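The values are calculated or read from the model by the stated rules, or taken from the named source; none is laboratory data. These figures come from a predicted structure and were not determined experimentally. Cβ placement follows ideal geometry from the backbone for every residue including glycine, while neighbour counts extend to all protein chains displayed. For accessibility, only protein heavy atoms count, side chains too; no ligands or nucleic acids. Shrake-Rupley method; radii C 1.70, N 1.55, O 1.52, S 1.80 Å.
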Amino acid sequence: MMSPITPDEWQALALSLRIGLLSVLVSLPFALGLAWLLSRKRFPGRLLVEALLFLPLTLPPVVTGYALLVLFGRHGWIGEWLAQIGVVLAFRWTGAVLAACVMGFPLLVLSIRVAFDGVDRRLEQAAETLGASAWRRFVTIVVPLSVRGIVAGGVLAFARAFGEFGATITFVSSIPGETRTLPIAIYELMSLPGGEGGVQRLTLVALAVAFAATLAAALLGGAMWGRGRHD
Amino acid sequence: MIEVAVRHAFEDLAIDVEFVADSRCVALFGDSGAGKTTLLNAIAGLLSPQQGRIVLDGQVLFDRAGQVDMPVAAREVGYVFQDARLFPHLNVRANLLYGARARGRATDRFEAVVDLLELGALLGRPTSSLSGGERQRVAIGRALLSSPRILLLDEPLTGLHREARVQVLEHLRRLKQALQIATLIVSHQPDEVVALADEVILLRAGQMAGRLDVAAFGRSQGL
């Protein structure tokens with residue numbers, strides 16, 4: 001019989017959930033904007049943008065974490081400037097949110113872009129003849145008709161953020177209650193004598209969350225592909 | 001009054017049409033591939049002709065030489081597409097009000113248009129539950145309620161079964177009597193042209209092939 005989850009483990013779980021949710025909320029506006037650009041516009045440097053977008057998926061996460069440290073560390077290029085206005089990211093839970101944003105962003109953009117590509121352009125034309133500006137068409141036609149893809153992307157990005165390890169531990173280390181997320185807690189418990197029980201409990205929790213998220217994404221995605229054109 | 005001069009070459013069709021029309025309802029009549037829809041698209045701004053000039057009630061909508069190409073959303077044309085293009089995520093009422101809301105216009109004509117097109121019972125329905133004729137009536141209402149200066153009807157009865165066709169035609173006839181709005185209708189069906197138009201412009205393979213008043217057109221078609 002497995003013993004119940006300890007307060008420390010709760011703390012790690014709650015932190016991972018908070019970081020996962022916040023990272024999706026923070027990245028969503030940027031992801032919507034970029035997905036729209038990639039779906040609707042031809043512009044110079046577009047290929048470069050796409051390559052950069054997918055970099056976090058292909059780079060070793062520890063390299064992404066190091067790059068974040070170089071950019072956003074207390075003495076980093078952007079971090080030094082942010083520190084002057086009182087924003088510190090390195091070794092803070094806010095830094096873990098940034099790392100999660102970066103790692104989940106490609107999945108979010110990709111999913112939303114596919115949904116935007118699937119919106120019937122003729123409906124946007126109809127809205128245009130009815131006097132709708134580009135912004136209004138985006139808000140009243142494109143986004144509502146893409147809502148399943150947006151939610152599916154959000155779920156995937158959340159799952160990615162929830163499981164983030166390499167970039168997070170490199171950028172913000174492991175501080176209990178501040179940056180020690182669920183995967184980091186599992187990793188540390190593994191090297192502790194008598195930590196097996198905790199490892200098993202947290203592994204089960206991670207499994208449940210990840211499976212629920214991918215199942216939700218698959219359901220939403222499947223429903224999106226299965227949806228017929230109405231017009 | 002609308003002045004249209006459009007020259008545009010597609011791979012398989014060269015459009016070269018020029019006319020000035022002042023009648024309430026002008027029909028562009030011709031077989032498919034005559035360039036009728038291209039002309040409507042040029043007027044609505046969905047196509048920028050390679051050469052030409054389009055003026056609506058004294059306002060230049062497009063002028064290639066003068067480098068004027070007014071944005072689609074600013075042209076104030078009410079375009080009824082052949083395939084209706086209702087917004088599938090909005091119910092009938094929200095579809096009808098879309099243009100009025102986008103343009104920030106009053107919706108005081110809402111009841112009148114709903115009555116004329118007999119849409120009252122449909123207002124709360126999702127568009128996916130509508131029949132072909134109902135969809136087309138909603139599309140006409142939606143275009144009218146955006147307060148257009150001209151109504152562009154692209155084969156509004158094509159694809160409807162007989163009964164729906166008679167019904168929508170009757171609604172269009174009522175609208176013409178009730179509302180003072182300039183209309184350009186594209187059609188390849190002589191009977192709907194005779195029922196609705198005051199004047200007919202004949203198009204053939206992208207060129208103007210004649211211009212008749214509706215009585216002469218009816219006689220030429222044996223109607």
Open item on the list: Please pick out the residue among A:149, A:166 that is touching a residue at least 40 places away in the same chain (Cβ under 8 Å) and more than 30 Å from residue A:66 (Cα to Cα).
Closed with: A:149
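Taking only the stretch B:85-95 into account, find how many residues are more than 7 Å from chain A (Cβ to nearest Cβ) and open to solvent by 30 Å² or more (accessible area, probe 1.4 Å).
Of all residues in the stretch B:85-95, those more than 7 Å from chain A (Cβ to nearest Cβ) come to B:90-95.
This time we only want the ones that are open to solvent by 30 Å² or more (accessible area, probe 1.4 Å), so: B:90-91, B:93.
Counting residues in the stretch B:85-95 that are more than 7 Å from chain A (Cβ to nearest Cβ) and open to solvent by 30 Å² or more (accessible area, probe 1.4 Å) gives 3.
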Open item on the list: I'd like the full set of residues that are part of a helix (DSSP H, G or I), open to solvent by 30 Å² or more (accessible area, probe 1.4 Å) and facing chain B (nearest Cβ under 10 Å), limited to the stretch A:99-135.
Closed with: A:122, A:125, A:128, A:134
Task: From the options A:58, A:94, A:129, A:64, residue that is more than 17 Å from the chain's Cα centre (by Cα) and either closer than 21 Å to residue A:29 by Cα or of a type outside the set (A, V, I, L, M, F, W, C) (or both) - done: A:129
- [ ] Check off (1) in contact (Cβ under 8 Å) with a residue 40 or more places away in the chain; (2) outside any loop (DSSP other than H, G, I, E, B); (3) more than 9 Å from every other protein chain (Cβ to nearest Cβ) for residue B:82 and give me the number that stays unchecked.
- [x] (2)
Task: Residue within the stretch B:26-37 that is within 13 Å of chain A (Cβ to nearest Cβ) and part of a helix (DSSP H, G or I) present - done: yes
TODO: Hey, could you check the stretch B:147-202 for residues that are more than 24 Å from residue B:74 (Cβ to Cβ) and among the small types (Gly, Ala, Ser) and say which is most open to solvent (accessible area, probe 1.4 Å)?
DONE: B:159
Open item on the list: on the phi < 0 side of the Ramachandran plot, more than 16 Å from the chain's Cα centre (by Cα) and at pLDDT below 95: which single residue out of B:21, B:14, B:74, B:94 fits that description?
Closed with: B:14
Open item on the list: Can you tell me which residue is farthest from the other protein chains (Cβ to nearest Cβ) among those in the stretch B:43-71 that are open to solvent by less than 10 Å² (accessible area, probe 1.4 Å) and under 20 Å from residue B:139 (Cα atoms)?
Closed with: B:43
Open item on the list: If I go through the stretch A:182-196 residue by residue, how many of them are open to solvent by less than 30 Å² (accessible area, probe 1.4 Å) and more than 22 Å from residue A:154 (Cα to Cα)?
Closed with: 4
- [ ] Within the stretch A:109-146, track down each residue that is touching a residue at least 24 places away in the same chain (Cβ under 8 Å) and among the aromatic types (Phe, Trp, Tyr).
- [x] A:116, A:138
